[in-house]
Amino acid sequence: MTVTGFAPETEERFALARQVADAVLFEGYVLYPYRASAAKNRLRWQFGVLVPPAWGAGCEEHDFQHTECLMEPRRGATLAVEVRFLHARRRTVQRARPDGDYDTVPELRLDDRVLVPWDEGGEERVELVVPVEELLGDGVTHPFRLPAREDTEPVLDAAGRTVGRLLRRSEEIHGTVRLSAAELDGPYRTVRLTAVVENTSTWTPPEGRAADRDAALPHSLVATHLLMALSAGSFLSMTDPPEWARGAVAACRNLHTWPVLAGEPGRADLVLSSPIILEDHPAIAPESPGALYDATEIDEILALRTAALTDEEKREARGTDERAAAVIDLADSMPAEVLERLHGAVRGLREVTGEADSSDSSDSSDSSGFPDEHGVRRPDTPWWDPASDAGFDPDHDTVVVGDTPVGKGSRVELRPGLRHTDAQDLFLHGRTATVEAVLHDVDGTVHLAVTVDGDPGADIRREQGRYLYFQPDEIVPLEAGP
């Protein structure tokens with residue numbers, strides 16, 4: 001087993017996949033408006049956080065990820081594995097004193113930025129290269145350790161004088177990567193690959209702080225994901241496998257992560273297993289001018305909103321994090337033609353066949369106004385009547401599930417369905433939640449806005465109105481609301 005660096009051709013393949021993997025690594029790293037003081041940035045890092053076992057036992061987060069996928073390795077093939085995650089570095093701001101010492105302060109104001117305390121994320125990698133034959137049976141186990149570190153960075157004013165410093169501390173982390181493989185029965189040589197990443201740190205919560213997530217983060221593996229490449233052979237798609245392999249794919253267990261084919265379309269020798277469910281061969285949109293870290297909005301909206309921040313807000317964002325500063329600079333310097341490209345793009349077209357409606361007219365000047373040059377007909381009545389909203393009250397409306405009325409305050413068990421739910425919601429199957437509102441859309445469908453019980457960010461989500469949504473047939477009532 002080799003644990004130091006990859007061959008040039010393997011490194012080249014990984015480099016392409018890292019473009020998408022970086023989006024996973026820094027998803028939600030800092031959210032608009034990119035300031036540490038913003039309520040959205042009080043709860044950091046929601047994806048792929050592997051916490052110390054002593055803390056994970058008392059919360060709803062996990063200390064491991066378990067990936068299983070199928071591969072067809074050729075004779076003599078090796079498997080290259082790269083575990084990637086962020087290591088939180090706690091940054092303290094200190095002001096210089098006349099005697100040469102420093103005082104810790106809540107902020108340090110400079111001409112171009114306002115420095116504040118913040119948790120930075122340093123990228124870490126654990127690399128392994130293992131012959132596939134060594135994975136059969138018990139496989140291999142690779143423990144790793146990140147030592148505690150402390151460093152300082154001087155802060156200079158516009159004249160070059162030292163006015164303070166940044167003190168960064170990172171805590172020790174222990175982890176383990178376990179790789180194993182088993183050959184499956186069948187007409188082809190197919191191997192089930194198992195990859196487990198664990199946080200094995202011995203850190204325990206301080207007395208009286210058993211539920212303090214903030215204290216556990218420096219000892220956690222944040223945004224953890226895997227890149228795995230075969231030197232010879234291929235992986236099978238877990239989302240669209242060949243018919244003969246569907247049963248074996250369905251039997252694979254993937255816990256807190258999901259593997260997809262990565263790299264160049266048409267190739268199947270590279271897998272990305274991440275805590276965010278993706279499709280095969282995910283790619284960054286070519287129109288995207290840079291990382292904005294906040295995937296809850298599209299690039300165009302984020303760029304326009306960021307450019308509209310006040311000068312004081314931009315100073316605080318620049319002092320929050322180097323990546324936030326880069327977003328501010330990007331929005332301020334984005335040419336109009338680049339911003340215009342963000343307005344939308346057509347990724348594919350499909351031909352629609354069928355007999356035309358005899359009532360259609362090709363004359364776009366007709367009094368009906370449609371079909372126009374795009375072939376779109378104007379409806380006779382508006383698709384939505386705003387006055388109809390007056391009959392709904394999300395705080396008091398209820399919907400009957402079984403024999404139980406469910407409304408705001410009801411406690412329910414989540415049973416996401418495959419028909420109409422986000423794939424990410426499947427991770428919440430069996431969890432309990434509290435209904436925050438009953439909502440009706442313009443098509444007459446009822447949606448339940450919920451917060452998951454035990455979510456440390458539930459209060460912030462209520463404050464911001466950012467909920468998870470399920471339909472009535474995706475929940476089981478536990479108790480009716482008030």
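Here are some notes:
- Residue-normalised accessible area of the chain, expressed per residue, 1.4 Å probe, Å²: 52
- Nearest-20 debye value, the chain charge dipole, Cβ charges on Lys, Arg, Asp, Glu: 1800
- E123 paired with E12, simple spin-label distance in nm, labels 7 Å along Cα-to-beta-carbon: 2.0
- Chain lengthening between H429 and E183 when straightened (0.36 nm per residue, less Cα-Cα): 85.5 nm
- Shape call, the chain: gyration tensor on alpha carbons, a/c limit 1.5: rounded
- Percent carbon-and-sulfur accessible area, the chain, ignoring ligands, DNA and RNA, probe 1.4 Å: 49
- Low-density loop cleavage sites - GluC sites (Glu not before Pro) in segment 93-126, where at most 15 other Cβ are within 10 Å (DSSP): E107
- Here the simple spin-label model places points 7 Å from the Cα toward Cβ, and for V140 and E207 these points are separated by 4.5 nm.
- Applying the criteria of a DSSP loop state and at most 15 other Cβ atoms within 10 Å to the trypsin sites (Lys or Arg not before Pro) of segment 37-88 yields R42, R74, R75.
- Sites W244 and Q19 - FRET efficiency at Förster radius 30 Å, r taken between beta-carbons, to 0.05: 0.40
- Difference of contour (0.36 nm per residue) and Cα-Cα distance, R462 to T398: 21.1 nm
- Cβ-based net charge around G409, under 15 Å, with every Lys or Arg adding one and every Asp or Glu removing one: -3
- Evaluating 6.51 cos²θ - 1.76 cosθ + 1.60 at θ = phi - 60° for every residue in segment 185-193, the Karplus couplings come out as 6, x, x, 10, 7, 10, 10, 8, 9 Hz, glycine and proline recorded as x.
- Within segment 252-350, GluC sites (Glu not before Pro) in DSSP loop having at most 15 other beta-carbon neighbours inside 10 Å: E279, E287, E297
- Shape call, segment 259-320: gyration tensor on alpha carbons, a/c limit 1.5: prolate
- Gained length - V338 relative to T152, 0.36 nm times residue gap less alpha-carbon distance: 63.2 nm
- Approximate spin-label separation R253-R347, in nm, with each point projected 7 Å along Cα-to-Cβ: 3.3
- Loop sites by DSSP among the chymotrypsin sites (Phe, Trp or Tyr not before Pro) of the chain, restricted to those with at most 16 other Cβ atoms within 10 angstrom, leave 189-382 as the longest stretch without any of them.
- Among S170, T92, L108 - extreme Cα towards positive end, dipole of segment 43-194, charges at beta-carbon: L108
The values are calculated or read from the model by the stated rules, or taken from the named source; none is laboratory data. This structure is a prediction, so every number in the text was calculated from the model and none was measured. Positions of Cβ are generated from backbone atoms using ideal geometry, with glycine treated the same way; all protein chains shown enter the neighbour counts. Heavy atoms of the whole protein, side chains included, go into the accessibility calculation; ligands, DNA and RNA do not. Shrake-Rupley method; radii C 1.70, N 1.55, O 1.52, S 1.80 Å.
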